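Since every read-out is calculated from the coordinates, none of them should be taken as a lab result. Please read all numbers here as calculations on a predicted model, not as lab measurements. Cβ: placed from backbone, ideal geometry, glycine included. Neighbour counts: every protein chain shown.
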Amino acid sequence: MSEAVDLDRVLAALADPRRRQVVELLRERPRRAGELAEAVGLSPAALTRHLRALKQGGIVEDAHPAFDARVRVFSLRPEPMAALKAWLGETERFWSDELAAFKAHVERSGP
């Protein structure tokens, strides 16, 4: 899969405010699905749809603790956020260069 497709999936998954809220909660620590549903104020079924989108975007992963295979604990994956941060950095550099070139042009043109 190409980097552009991966980035598209990450951005699509983060487009929803409830999903961003889940990501913010998972930044603190891994959490059970039920705990996330309660904290976000969604039914378990609604949260499942959001978690599925976050998993498809590669943002979260789930694991089953050894003590109970029925429990799913969700955590963030660092790779998608690193790719997003790199893309944003490249975009920022581009615009910084463009603005610097524009400023130099205006200064050369004078009043």
Mean separation of Cα pairs under 8 Å and 6+ residues apart, divided by the residue count of segment 3-109: what relative contact order is that in percent?
-> 28
Grab the DSSP H runs of the chain that are 4 residues or longer, score each as -39,500 (n - 2.57), total them, divide by all residues and round the 222 nm result to the nearest 500 deg cm²/dmol.
-> -23000 deg cm²/dmol
For the charge dipole of segment 3-109, defined by +1 on Lys and Arg C-beta atoms and -1 on Asp and Glu C-beta atoms about the Cα centroid, which residue among 37, 81, 104 has the Cα displaced farthest towards the positive pole?
-> 37
Roughly what would the spin-label model give for residue 67 and residue 100, points 7 Å off Cα along C-beta, in nm?
-> 5.4
